[in-house]
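The values are calculated or read from the model by the stated rules, or taken from the named source; none is laboratory data. These numbers were taken from a predicted model, which means no experiment stands behind them. Reconstructed Cβ throughout: ideal geometry from the backbone, glycine too, with neighbour counts over all protein chains shown. To get the accessible areas, we keep the full protein, side chains included, count just its heavy atoms, and leave off ligands, DNA and RNA. Shrake-Rupley method; radii C 1.70, N 1.55, O 1.52, S 1.80 Å.
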Amino acid sequence: MEQPLYLIPLFPLIGFLLNGLLLGRLGKKTISFIACTSVGLSFLFGLKFFFDLLSLPDTARIIENVFFTWIPAGQFHVNVAFLLDPLSAVMVLVVSGVSFIIHIYSIGYMHDDAGYGRYFTYLNLFVFSMLMLVLADNYLLMFVGWEGVGLCSYLLIGFWFEKKSASDAGKKAFIVNRIGDFGFLLGMFIIFWQTGSLDFKTALDPAVAHSVFAVGGGMITAATLLMFLGATGKSAQIPLYVWLPDAMEGPTPVSALIHAATMVTAGVYMIARSNVLYMMAPATMAVVAIVGVATAIFAGSIALAQNDIKRVLAYSTVSQLGYMFTACGVAAFSAGIFHLMTHAFFKALLFLGSGSVIHAMAGQQDMRYMGGLKKRMPITFWTFLIATLAITGIPGLSGFFSKDEILWKSFSSDYGSIWIWLIGLITAGMTAFYMFRLVFLTFYGEERMDSHTREHLHESPKVMTVPLSILAVLSVIGGYVGIPHILGGDNRFEKFLEPVMKGVHHSVEGEHALASAAHNGSTELILMVGSVVLVAVFIYLAYHFYIKNIAAAGKLRQRFSGLHKIIYGKYFVDELYNAVIVQPLVVGSKFLWKIFDVLIIDGFINGMAVIIGDMSTGLRPAQSGILRTYTTIFLVGVIVILGIVLIFG
Amino acid sequence: MLDLIIFYFAAVIAVGAAVMMIMQRNPVASVLYLVVSLVAQAILYVQLNALFVGALLIIIYTGAILVLFLFVIMLLNLRGEHFGGKQSRMGRASKIAITVILFAEMVAIFKQVAIPERIGTQAAAVAEDFGSVEMVASHLFKEYLYPFELTSILLLVAIVGAVVLAKRDKTEKMEDA
Amino acid sequence: MITTGFIIASAIKVIVVVVAVLTGCAYATWLERKLVGHIQHRIGPNLAGPFGLLQPIADAIKLAFKEDIVPERAERVTYALAPIVAFIPAMLSFAVIPFGDTITIMGQQIDMVISDLNIGILYIFAITSLGVYGIVLAGWSSGSKYSLLGGIRSSAQMISYEIAYGLSIIGVLIIAQTLSMKELVAQQANFFDWFIFRQPLGFVLFVICAIAETNRSPFDMPEAESELVGGYHTEYSSLRFAMFFIGEYANMITVAAVVTTIFLGGWQGPLLPPVVWFCIKVFLFMAFYVWIRGTLPRVRYDQLMNLGWKVLFPLALLNVVVTALIYRL
Amino acid sequence: MIPIGHFLILSAMLFAVGAAGVIISRNLLIMLMSIELMLNAANLAIIAFSRMNNIVDGHVFVFIVFAVAAAEAAVGLAIIIMIFRNRESINADNFSLLKR
């Protein structure tokens, strides 16, 4: 089915061009109107096409829109073409919807910023790129969007570029992402080399894939691993997660939009999109699962000890992304996407809420100087609480369904194992602990801020709280599209995505999957209850340490001061990278500079210069500067040439 | 016969005046000899049925370009500037030798290039109006219109260049004053 | 092709023209003095012969007996050459001017023109462009600052005005489609076909430029007596001075003849023989010359240059464009 | 009747004289004049060839050479004026700023 899909990314592009080209010439109202309207229109068109898609029969849910041929070079043929299938439809809605809400929120948050117009310009460019990424019907166009969002991320992290830490963070994000992109590119090359196409339709056709790759073969493993490297870069997984916490230097709505809800999920989306290939490389799947779950617990543990409110959320994001990768790694791609969606809602809400808090605290981000904000900012508090409950997986809220599905799949899937499940479970507990630690430190207890800030405290304006409320509602109900069978639902989300997950064999035999789910019903229920109990325990612990008995927390910190130091110092990964990668480079460069450059290269050049200088001194008398000498020599030359012509001509 | 006499007459004047031109100390005398040489050449042009170009040669060269030379000489009030010590006789002799060789080579080239059986004879009769204003003009404005227009640009550039070069700076003028 | 008759006829024509022009020059001086005198309410020369008619001869004798002085700092050769260079081009121009219709004598068709070049006008321009050398060289070789200034002024003035001079007759050429003087005259058979009526602006421009080219008042910069003593001929005396003098008047007559031929119908006219008509027209134009001298004050040098480049030159261009548009579109 | 070869040899002669002027004379003005002479020698050859081959295009060529010569003379003279102003000399041997 053909539909004008280009309408979806068109409007942000127009907004970007309008705001970008007329930068500094528009009023704030006009800028925000253009920016918000463009994204809003995108969302509406996304919705329209989504319903168009729903109106199609299950098996034929694909809307295409071939625009023009981009690169026709021999066999290499790339179209600019868009593809809307259930997977990209979900992404489009999440991206444009959350973006729209955050755009609205930004009107209030960025109101007094000097770079207002620039901010919305970047934001629109980001939305455009992200929509390109998710709508692309081939890897190359996807890569264009992929790079585009990387660029916007760089621009927005370094938005306050006068601050050195901000511009450094921007550079770090860009460079780390570049490492990942390099993997992605190589993966793309292998895919093209083997299948002869970068189109999803061809390259991801199971028949084609099976005809050119051997299941578990070296080529497919390499390709998928390289692409996974790209995903770790973009989605902040071990070992390339280091940029995301630093990315918190950007404006908070940016953190919410890019570094929590949308861009960082690009890796997950890409792997889910490529599920056909990943399912053919079991080794890669194992790597994905292990890296995912390791990242989850690793980042979760770091989050336990951080004091910066955004930093906690940042590590929480890394941790949750780990969950998504775990889901992908155990072949539960739809679960990963499901979590991606719910996470987008509640993590965006958390960030926006923290933004609201920071806004009220006049830029203060350290939780140790907060407290008691519950009364001061009730809307922020309640929405934040809802999001916290959602992320910790309290039954009935969106996070519960998605997280539980991942845990269950990691336990039950052929690719999963009890260890992965166990680590995931512990991570869930940690999540509960640090999230409630955050809530308690921020909103409960005594007011630890200075008096000036205290007088200044206020609830955020409507333009900020309304988006919070909307996201809160979404955080609550977002999960109900995917209620598992065990709880009486029929997991419509998974079914909806099924046509895309062509590589997952058990979905091909859907009946069998249903049967096995029913068979394991009791186990699933037990696990679910277990995780809820664990979460409750950790919430209580947080309550114990940060409300009831604050001194206990300090004592605990004292007793495990070494451990605390390690966690507080984020396992010193940045320092490790610095020592292992950056320092050797610096030392090596210095060596090359001092020895190779100065002695050998410069010596060679200087030697040449001396030789030429000596030769010139010998030749200099020829250059007398006397005009007649020159003309005479010139004439002799003419005579010689004429002579040659005469003799040989 | 008369033609040949006129030719030799004009040729001798042209070459002789040219030689005199380069031998002069005094640039004014040089200019005058060049004028004489050019007028003699104009006669040769007429013999080659190039009436229009011959008239142009006089109008443009003697009427404008060489007057400009004279004008400059007067403006600078160059009155036989003394050019210092004499040149070495060897140097001058070798330079004359160079030009003689050049001449010999050119003659040889002409003999090689021009078709030998035609070079020794008078060219075939040409149309009555060969070289007339009308004929040259129709070539100039039809076939060679673009080169012709480009010449105008060249002249414009030359004018601007000459003005810029010869104009005194304002600061320079103030120093003078 | 070249017959004896032709040679004889040509020689006779040359001699007649030279004698006529020289006499004309002599009596042009008389005419000028007489006319200017009357313009200024004086009588003018009246002692030598009736109406002072012998005055030119008296002048010539006087000049011939003056001492020939060569200044010490002069460049002798050039100094001696300059008057001749000034004189000859003026005479040469007459070669292409038709002063009468074709007549038949002893079965010979004789053109009343020394040589009917088909590029007559170009020839005249070529020759007049040489006229500047006489003045420039005289100015330079005299070794006097007044002379030098006259020479510099002259070279600049004549090069400048030559452009408008040449352009001003392009209009005529566009209409006439020929460069031959004879043809031009033939095309002005009817009174209202005279190019003065078809090219009024061209005529005015041509006359102004011609006055400047011949260094006549009000454009007599190179010899402005009140500023430069005598300009380029300050240092000249005796017969050399006479040559300049004759050269100047010969130039005037040339210009008058050229104007007559190009604009005033040449020898065309009713009743009287063509040669007489030609002389009358030339005479009238000479009188016009003198009239202007008696009437207009000399312009300043910068005004002269401004007039030439900023008024005459654009007007001449305009004239060419308009004529081309009217007659060739 | 004059053979075309005569004109060509004359042209070569004038060109050689002009070349000699350029390399022998020390006076910048005379050098410039010599260059003009060389241009005209070339013109003569062009006219002669044009006559020989009975095509008038050579005349057009000469016309364009005139324009080039005029431009060259104007700029050359301006340069000479400039040089004379700065150095009070038009001796081409005096303008070497290079070390010997």
(message) Filter the range C:292-301 down to the residues that are part of a helix (DSSP H, G or I) and either hydrophobic (A, V, I, L, M, F, W, C) or open to solvent by less than 70 Å² (accessible area, probe 1.4 Å) (or both) and list them by number.
(response) C:Ile292, C:Gly294, C:Tyr301
(request) Go through the residues of the range C:251-270 one by one and say whether even a single one is free of Cβ contacts under 8 Å to residues at least 40 places away in the same chain and either at positive phi or surrounded by fewer than 24 Cβ atoms within 10 Å (Cβ to Cβ) (or both). (result) yes
(request) Assess whether A:Ile595 counts as being open to solvent by 60 Å² or more (accessible area, probe 1.4 Å) and closer than 30 Å to B:Ala97 by Cβ. (result) no
(message) Taking the criterion of being modelled with pLDDT of 90 or more, of a type in the set (S, T, N, Q) and in contact with a helix residue (DSSP H, G or I) (Cβ under 7 Å, 6 or more places away or on another chain), would at least one residue in the range A:299-315 satisfy it?
(response) no
(message) Suppose we keep only residues that are under 21 Å from B:Ile60 (Cα atoms) and modelled with pLDDT of 90 or more within the range B:11-32. Which one would you say is most open to solvent (accessible area, probe 1.4 Å)?
(response) B:Ile13
(request) Might you let me know whether the range A:51-73 holds any residue that is under 18 Å from A:Tyr269 (Cα atoms), open to solvent by less than 10 Å² (accessible area, probe 1.4 Å) and part of a helix (DSSP H, G or I)? (result) no
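Rundown of residues vs (1) surrounded by 24 or more Cβ atoms within 10 Å (Cβ to Cβ); (2) farther than 16 Å from A:Ala390 by Cα; (3) touching a residue at least 40 places away in the same chain (Cβ under 8 Å), yes/no style:
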{"residue": "A:Val293", "(1), (2), (3)": "yes, yes, yes"}
{"residue": "A:Ile302", "(1), (2), (3)": "yes, yes, yes"}
{"residue": "A:Ala305", "(1), (2), (3)": "no, yes, yes"}
{"residue": "A:Thr326", "(1), (2), (3)": "yes, yes, yes"}
{"residue": "A:Ser334", "(1), (2), (3)": "yes, yes, yes"}
{"residue": "A:His343", "(1), (2), (3)": "yes, no, yes"}
{"residue": "A:Phe351", "(1), (2), (3)": "yes, no, yes"}
{"residue": "A:Ser356", "(1), (2), (3)": "yes, yes, yes"}
(message) I'm trying to understand the selection: among the residues of the range A:603-626, which are outside any loop (DSSP other than H, G, I, E, B) and within 30 Å of D:Asn94 (Cα to Cα)?
(response) A:Ile612, A:Gly613, A:Asp614, A:Met615, A:Ser616, A:Thr617, A:Gly618, A:Leu619, A:Arg620, A:Pro621, A:Ala622
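Let's see how each residue does on (1) out of contact with any Asp or Glu (no Cβ under 9 Å at 6 or more places or on another chain); (2) assigned to a helix (DSSP H, G or I); (3) touching a residue at least 60 places away in the same chain (Cβ under 8 Å):
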position: B:Tyr8; (1), (2), (3): yes, yes, no
position: B:Gly16; (1), (2), (3): yes, yes, no
position: B:Met20; (1), (2), (3): yes, yes, no
position: B:Ala42; (1), (2), (3): yes, yes, no
position: B:Asn49; (1), (2), (3): yes, no, yes
position: B:Gly54; (1), (2), (3): yes, yes, no
position: B:Gly63; (1), (2), (3): no, yes, no
position: B:Leu68; (1), (2), (3): yes, yes, no
position: B:Leu75; (1), (2), (3): yes, yes, no
(request) Please work out which residue is farthest from C:Tyr123 (Cα to Cα), limiting yourself to the range B:61-76 and to residues that are more than 8 Å from chain C (Cβ to nearest Cβ) and modelled with pLDDT under 85. (result) B:Leu76
(request) Determine which member of the set D:Asn43, D:Asn54 is more than 7 Å from chain B (Cβ to nearest Cβ) and either crowded, with 24+ Cβ neighbours inside 10 Å or more than 14 Å from B:Met21 (Cβ to Cβ) (or both). (result) D:Asn43
(request) Filter the range C:127-157 down to the residues that are open to solvent by less than 10 Å² (accessible area, probe 1.4 Å) and within 26 Å of C:Leu184 (Cβ to Cβ), then identify the one that is farthest from the other protein chains (Cβ to nearest Cβ). (result) C:Val132
(message) So, in the range C:213-241, exactly how many residues are closer than 26 Å to C:Ala257 by Cβ and either surrounded by fewer than 22 Cβ atoms within 10 Å (Cβ to Cβ) or of a type outside the set (A, V, I, L, M, F, W, C) (or both)?
(response) 15
(message) Take the residues in the range A:410-431 that are over 18 Å from A:Met324 (Cβ atoms) and not small (Gly, Ala, Ser); name whichever of them is most open to solvent (accessible area, probe 1.4 Å).
(response) A:Trp419
(request) Search the range A:504-526 for residues being buried (at least 20 other Cβ atoms within 10 Å of the Cβ) and modelled with pLDDT of 55 or more, and hand back the single one that is farthest from A:Ser211 (Cα to Cα). (result) A:Glu524
(message) Which of the helices (runs of 4 or more DSSP H) found entirely inside the range A:93-203 contain at least 2 residues meeting this: in contact with a Cys (Cβ under 9 Å, 6 or more places away or on another chain) and over 30 Å from A:Ala214 (Cβ atoms)?
(response) A:116-135
(request) Kindly establish whether C:Lys281 is surrounded by fewer than 23 Cβ atoms within 10 Å (Cβ to Cβ), in contact with a helix residue (DSSP H, G or I) (Cβ under 8 Å, 6 or more places away or on another chain), within 23 Å of C:Gly171 (Cβ to Cβ) and among the basic types (Lys, Arg). (result) yes
(request) Name, by its number, the condition in (1) open to solvent by 40 Å² or more (accessible area, probe 1.4 Å); (2) modelled with pLDDT of 90 or more that does not hold for A:Trp193. (result) (2)
(request) Within the range C:48-60, identify whether any single residue is surrounded by fewer than 13 Cβ atoms within 10 Å (Cβ to Cβ), more than 9 Å from chain B (Cβ to nearest Cβ) and modelled with pLDDT of 80 or more, and answer yes or no. (result) yes
(message) Among the residues in the range C:12-25, are any modelled with pLDDT under 85 and in a loop (DSSP other than H, G, I, E, B)?
(response) no
(request) Report, by residue number, each residue of the range A:381-404 that is more than 17 Å from A:Thr442 (Cβ to Cβ), part of a helix (DSSP H, G or I) and not hydrophobic (A, V, I, L, M, F, W, C). (result) A:Ser398, A:Gly399, A:Ser402, A:Lys403, A:Asp404
(request) Kindly establish whether C:Ala210 is open to solvent by less than 30 Å² (accessible area, probe 1.4 Å), in contact with a helix residue (DSSP H, G or I) (Cβ under 7 Å, 6 or more places away or on another chain) and at pLDDT 85 or above. (result) yes
(message) I'd like the full set of residues that are farther than 16 Å from A:Ile394 by Cβ, touching a Gly at 6+ places or on another chain (Cβ under 8 Å) and surrounded by 13 or more Cβ atoms within 10 Å (Cβ to Cβ), limited to the range A:432-461.
(response) A:Leu441, A:Thr442, A:Phe443, A:Tyr444, A:Gly445, A:Glu447, A:Arg448, A:Met449, A:Ser460, A:Pro461
(message) Going through B:Glu128, B:Glu117 one at a time, which residue ends up being surrounded by fewer than 16 Cβ atoms within 10 Å (Cβ to Cβ), within 14 Å of chain C (Cβ to nearest Cβ) and either in contact with a Ser or Thr (Cβ under 9 Å, 6 or more places away or on another chain) or at pLDDT below 80 (or both)?
(response) B:Glu128
(message) Suppose we keep only residues that are open to solvent by less than 10 Å² (accessible area, probe 1.4 Å) and touching a strand residue (DSSP E or B) at 6+ places or on another chain (Cβ under 7 Å) within the range C:91-126. Which one would you say is farthest from the other protein chains (Cβ to nearest Cβ)?
(response) C:Gly100
